[in-house]
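The values are calculated or read from the model by the stated rules, or taken from the named source; none is laboratory data. Since the structure is predicted, the reported quantities are computational estimates derived from the model, not experimental observations. Positions of Cβ are backbone-derived with ideal geometry, glycine not excepted, and every protein chain shown enters the neighbour counts.
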């Protein structure tokens, strides 16, 4: 099973500590998660009408390469 999270509106993304703790609980039961990085470039579906869809709120306005590095460094 795989779960994904994204939060399109400002101030709706997850805090990192919550994300990390929730993921530990899921992984304990072999449920794998996915996280989204955001981009202010390109077109998004009109159903959402938002360009930024991060999982973590702290990543909402930082460059996409920095967002990816954050996951690789922080999430073990």
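Annotations
- In segment 10-29, the residues that are touching a residue at least 12 places away in the same chain (Cβ under 8 Å) and at positive phi form Cβ pairs under 9 Å with partners that are surrounded by 11 or more Cβ atoms within 10 Å (Cβ to Cβ) and assigned to a helix (DSSP H, G or I), at six or more places apart or across chains, as follows: 11/57.
- Positions within segment 25-76 being in a loop (DSSP other than H, G, I, E, B), touching a helix residue (DSSP H, G or I) at 6+ places or on another chain (Cβ under 9 Å), modelled with pLDDT of 75 or more and exposed (fewer than 12 other Cβ atoms within 10 Å of the Cβ), in sequence order: none
- Filtered residues of segment 1-24 (kept if in a strand (DSSP E or B) and at pLDDT below 70): 2, 3, 4, 5
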